[in-house]
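Working notes for the structure below.
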Amino acid sequence: MLSYYGNRKNDMKILLLLIFFLLCSKDPLSGKSIQVPEDHKTIQIAINAADSGDVVEVAAGTYNERIALKPRITVRSVGKKEKGKLGLVRAERTIIDGGNEESHLPGVMMAEGATLDGFTVTRIGAYDAKRWDKHWAEQGENQSHDHIGKFGIPAIAIAGINCIIINNIVNHNGDTGIAIRGIEGKQCSPLVSGNICYRNMGGGIGSMQGSTAHIDNNICFENFYAGIGHNGASPLVTRNICYNNVRAGIGVSEFSNPLVRNNRCHGNRRAGIGIRTGTNTCPLIENNDCYNNEMAGIGAEDESAPIIRGNRCYRNKLAGIGCQNESSPLIVDNYCFENMAAGIGVDSAKPLLLRNRLERNKMAGIGIRGNSQARVIDNACIENRLVAVGIPDGSEVLLQNNKLVRTGGMPPIIAILGGSKVVLIKNTIRGGGVAGVLLEGKLNAIDNVIEGQNGGSGIMIRKDSKVILTANQISGYRNEVNDQGSSSIIRNNPRNE
């Protein structure tokens, strides 16, 4: 018995000594450090000499080479976290320069489990300033779409692997800055974080072919296509800033289903966030700020079916949120204000608009046209310059439980024109103008509150319109209903005393 306990005591002493050794020794499980240019003159030679777990530390300077990493090594510039003009000082001073030469090789080819930390990667292929300026002036209208979604010859290439790309500056390259491509049967979920990508002749960051990266906290500006683009990929895209790109700040297309959350997209020549191409393109666009873009803050088209939720879209040259071309988005809990067109614009689309706030937009709060089919429920349209809701030409719309308010001005609060068909249920319609509702089409209005301020008509019905009015409360207008030659049916529509 004593021997048993004695052996256990010895075992415990050995174990404690081992733990002490591990705690006090300097990272005994880490690899070695290889210095460039002290140990090896080029980055690639140092990589070739490295083993799994090693760190290649690169001193400041310009390295005229293209490099291919090995699995599970780190290639890092020398220095700390000091901030420079754009990124970290060490990234600005440690440069991989491709010399503008054409090649089939990317500037940096990543490997499984490898890390690239803190470099400028530039002139990989030819940057074309004249071509960039031309397409900037044209807002990308005449760009070829053939290149979008193709891997090309990127500055930094990730193909079918997991890796880490952090703190790099990627600029003035002839193709995409950082390109991520999935490979069938392999996981491709790299972390791409803290990078600055600008003036690349592709996108700033491109995610394609089934990749599922985490693209976080990058800055992408003045790229030839989107700041961050997606083609057949479903990454997590968070906390990025995308501005002044020739196309969208963030572009989503071709069966991509990313989660796009907490990003800031402004000043782009097209939409802040643009979604297109196919019913299987179903991203979640959530809690982003999209402002001062040359087109919509967020745009959905080409049969796409995104969820657009909780975003703030303001001061864009067109709509805050726009959907067109048979798209069928769910647009919920967004705040769209001070846009040059509508807060939400719908053209030949089939959206559900739920609990959005549309305020002080230069045209309509909500504009619906082009034979759209829309359900508009629990929204607030407050003090938009023209109409709260405009439905000009042949759409079919349900408006239910909305608050529609505008003080002053001559236009109606709701304009239903061009033979549109509308069902109004339990809306509050309040304000000035020639009418609460102007109708040139078909209307079924049930249990609405319509309150005027400066004369006019509660409901103005133009010739050849068809109307069913049931249990509506109309007050504050000179005429509750002004029928100019319709085949109206007024049923159980009480007057306020």
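Here are the numbers for this structure:
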{"read-out": "Mean Cβ neighbour count within 10 Å, used as a protection proxy, ranking 252-259, 350-357, 134-141 highest first", "value": "252-259, 350-357, 134-141"}
{"read-out": "On Cα atoms only, tilt of 2-24 relative to the major axis of the chain in degrees", "value": "70 degrees"}
{"read-out": "Whichever lysines have a C-alpha closer than 28 Å to that of K317, once near sequence neighbours (fewer than 8 apart) are set aside", "value": "K130, K134, K350, K362, K403"}
{"read-out": "Cleavage-rule hits, GluC sites (Glu not before Pro), region 272-310, DSSP coil, Cβ neighbours within 10 Å at most 14", "value": "none"}
{"read-out": "Per-residue ³J(HN,Hα) for region 198-215, Karplus 6.51 cos²θ - 1.76 cosθ + 1.60, θ = phi - 60°, Hz, x for Gly and Pro", "value": "8, 6, 9, 7, x, x, x, 10, x, 10, 8, 6, x, 6, 9, 6, 10, 10"}
{"read-out": "Dipole magnitude (debye, nearest 20) for region 35-233, charges at Cβ of Lys, Arg, Asp, Glu", "value": "280 debye"}
{"read-out": "Length-normalised contact order for the chain - Cα pairs under 8 Å, 6+ apart - percent", "value": "5 percent"}
{"read-out": "In region 444-485, trypsin sites (Lys or Arg not before Pro) in a DSSP loop with at most 13 other beta-carbon atoms within 10 Å", "value": "K463, R478"}
{"read-out": "Packing-based ranking, highest mean first, of 61-72, 110-121 given that Cβ atoms within 10 Å are counted", "value": "110-121, 61-72"}
{"read-out": "Relative contact order (%) - criterion: Cα under 8 Å, at least six apart; region: region 19-144", "value": "20 percent"}
{"read-out": "Rg(Cα) / (2.2 N^0.38 Å) computed for region 35-233, rounded to two decimals", "value": "0.97"}
{"read-out": "Highest-first arrangement of 400-407, 342-349, where packing means the average Cβ count within 10 Å", "value": "342-349, 400-407"}
{"read-out": "Range of Cα positions in region 195-346 per principal axis (Å), largest first", "value": "33, 28, 22"}
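Just so you know, all these numbers are worked out from the coordinates, no wet-lab data involved. Given the structure is predicted, the values throughout are model-derived calculations rather than measurements. Quick reminder, even Gly has a Cβ in these numbers, built from the backbone with ideal geometry, and neighbours come from all protein chains shown.
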